[in-house]
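Here is the structure we will look at.
The values are calculated or read from the model by the stated rules, or taken from the named source; none is laboratory data. Quick caveat, the model's predicted, so the values are computed rather than measured. Because the Cβ atoms are built from the backbone with ideal geometry, glycine has one as well, and the counts that use them run over all protein chains shown.
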Amino acid sequence: MFDVCVVGHVTKDIIRIGDTEREMPGGTAYFLPIALKSLGMNVSVITKIGKEETPLLNKLEKEKIPVFLRESPRTTAFTNIYSRELDNREQKVSDIALPFTTKDVENIHSRIFHLGPLTKGDIPLDVLRSLSERSKISLDVQGFLRSIDQKSGKVRLTDWQEKEEALPLVSILKADEEEARVLSQEEDLKGMAVKLSGYGPEEVIITCGSKDSLIYSKGKFYSISSFTPRKLADPTGCGDTYMAGYLFSRQKTDDLREVGEFAARIASLKLENYGPLRESQEGPNSIASNT
């Protein structure tokens, strides 16, 4: 039995920040489990990539994270283009791995399944339903809102047509501010959280980039202050790292303010470095030991 099993596509990412470009693995199924592992959780991954792209999994394997690799002729590939200040991002998609099926996720047992879709078709409703029948579901909704222009590959946000069927199956829902606005059709941050909670999730998390985040549960709001990083390196995967901190701390306490503050601190550590949060980085283990 795993503490958390992450379902999502590991991606081949190109990161452009100003004049700098790097190619590296990416996706929720890459950033989140490595961060969880660094915090001491028993975590696994269900993913799909092309056979020629198995080196993308090297870091997961090095960290001794069990990977349940399913077949796909293609690997999801993203280009993330940031401004020098890291406050604006343009995304393009050049390829997409096959969607997950109920067979892909059967016979794997975990206390929580964290779903990290990157495009609308990654995790069909029947897969979400199958997982919810046996475990708690945590969902980063981002991929379910992404529409991809067939010519340019550019990503834009559109509403999730299956939300009324799917969100009642979700216990913990995470969205960034723009995703929450599109999904809820509300403009006020607290209004967004209340509307999304009304679909069924017990806990709603709305992140606002480098600004504060908001947690809403059982009629209560928790405004979580952000932490200023010592340097700015790469924001890719910060939302996933926030959720790693949230899921780790949530297993230890019901105090959602404490949970959110821990998550925000972990996300700020990630922002200081390229790639996922690792045990070798200053901070994660000492923070975890004091939580």
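Would it be correct to say that residue 132 is farther than 16 Å from residue 179 by Cβ, small (Gly, Ala, Ser) and touching a helix residue (DSSP H, G or I) at 6+ places or on another chain (Cβ under 8 Å)? Criteria met by residue 132.
Among the residues of region 179-211, the one identified as touching a helix residue (DSSP H, G or I) at 6+ places or on another chain (Cβ under 8 Å), within 20 Å of residue 247 (Cα to Cα) and of a type in the set (Asp, Glu) is 203. Restricted to strands (runs of 3 or more DSSP E) entirely inside region 19-132, those with at least 1 residues that are modelled with pLDDT under 95, of a type outside the set (A, V, I, L, M, F, W, C) and surrounded by fewer than 20 Cβ atoms within 10 Å (Cβ to Cβ) are 20-26, 67-71, 77-82, 89-95. Go through (1) under 17 Å from residue 276 (Cβ atoms); (2) touching a Ser or Thr at 6+ places or on another chain (Cβ under 8 Å) for residue 55 and report which single condition fails. Condition not satisfied by residue 55: (2).
For region 61-77, the criterion of being under 26 Å from residue 149 (Cβ atoms), of a type outside the set (Lys, Arg) and over 19 Å from the mean Cα position of the chain (by Cα) is met by at least one residue.
Here region 1-18 is the region considered, the condition is being in a loop (DSSP other than H, G, I, E, B) and over 20 Å from residue 252 (Cβ atoms), and the residue that is nearest to the chain's Cα centre (by Cα) is 8.
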